[in-house]
1. Do you know which of the residues in segment 3-21 that are farther than 17 Å from LEU64 by Cα and modelled with pLDDT of 95 or more is surrounded by the fewest Cβ atoms within 10 Å (Cβ to Cβ)?
2. Are any of the residues in segment 125-145 in a helix (DSSP H, G or I) and closer than 27 Å to GLY25 by Cα?
3. So which pairs qualify, if the first residue must be in segment 13-28 and assigned to a strand (DSSP E or B), the second must be aromatic (Phe, Trp, Tyr), the Cβ gap must be under 8 Å, and the two must be at least 6 apart or on different chains?
4. Report yes if THR92 is under 30 Å from ASN136 (Cβ atoms) and surrounded by fewer than 14 Cβ atoms within 10 Å (Cβ to Cβ), otherwise no.
5. Can you tell me which residue within segment 138-150, out of those that are surrounded by fewer than 18 Cβ atoms within 10 Å (Cβ to Cβ) and at pLDDT 95 or above, is nearest to GLU174 (Cα to Cα)?
6. Kindly provide the set of residues from segment 22-46 that are under 15 Å from LEU60 (Cα atoms) and either surrounded by fewer than 17 Cβ atoms within 10 Å (Cβ to Cβ) or under 12 Å from the mean Cα position of the chain (by Cα) (or both), ordered by number.
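The values are calculated or read from the model by the stated rules, or taken from the named source; none is laboratory data. Computed from a predicted model, the values in this text were never measured in an experiment. Positions of Cβ are backbone-derived with ideal geometry, glycine not excepted, and every protein chain shown enters the neighbour counts.
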Amino acid sequence: MSDISGTYEIGPATGRVLVKTGREGLAAKAGHDLTIEITQWRARVSVPDAVGGGLHAAALQAELNLGSLAVREGTGGAKPLSDKDRADIQATAAKVLGSAGVATYASAKFVPETETIEGTLTLNGTTRPVNLHVTNAGPSRFRGTTTIRQTDFGITPYSGFLGALKLKDDIAVEFEVAL
């Protein structure tokens with residue numbers, strides 16, 4: 001890997017953060033699996049040179065505006081996702097997230113050998129450990145994933161049609177950034 005030491009300010013101009021949801025319940029076939037983009041976010045990555053510890057001593061701080069969710073794709077479902085559906089989903093997400101507003105992530109430890117960043121996510125007033133699994137996607141490009149259980153952060157997953165259609169508790173978060 002080439003030397004990537006330095007401090008990087010990243011955001012929507014240099015990458016994407018996607019949230020992927022799934023559905024369950026008796027009416028699951030009526031709903032959609034969603035890909036939602038967080039369009040307003042920022043992060044700072046600091047990587048010391050090898051003498052300063054390199055990747056092992058790197059640090060990551062991120063802030064994600066949960067009021068900036070944009071539905072990008074809906075797969076499955078009884079009918080294709082319409083513009084009205086997208087608007088309804090965004091309004092429902094705002095209700096479900098309520099006062100959550102902003103999510104923050106702070107790294108505690110980079111573990112290059114396992115391609116893991118260990119850290120904490122603060123969401124909806126609750127802080128929990130969350131590991132990011134990161135891979136090198138090319139020169140100075142990185143992809144990462146994690147899974148978040150909504151109820152761990154005091155969020156009740158969406159439920160409709162008298163509980164027959166439910167959003168799965170676990171959601172996937174994916175990101176790709178360029179340093």
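1. Initially, segment 3-21 is screened for residues farther than 17 Å from LEU64 by Cα, giving 3-7, 21.
Those left that are additionally modelled with pLDDT of 95 or more: 7, 21.
Values: THR7: 11, THR21: 22.
The residue in question is THR7.
2. Keep residues of segment 125-145 that are in a helix (DSSP H, G or I), which gives none.
Taking every residue of segment 125-145 in turn, none turns out to be in a helix (DSSP H, G or I) and closer than 27 Å to GLY25 by Cα.
3. GLY15/PHE175; ARG16/PHE175; VAL17/TRP41; VAL17/PHE175; LEU18/PHE175
4. Details: under 30 Å from ASN136 (Cβ atoms): no; surrounded by fewer than 14 Cβ atoms within 10 Å (Cβ to Cβ): yes.
Taking the combined requirement at face value, the residue does not satisfy it.
5. Kept after step one, since they are surrounded by fewer than 18 Cβ atoms within 10 Å (Cβ to Cβ), are these residues of segment 138-150: 138-141, 143, 145, 147, 149.
Subset that is at pLDDT 95 or above: 143, 145, 147, 149.
Working: ARG143: 7, THR145: 4, THR147: 9, ARG149: 14 Å.
Applying the filter and picking the extreme gives THR145.
6. Matches in segment 22-46: TRP41, ARG42, ARG44, SER46.
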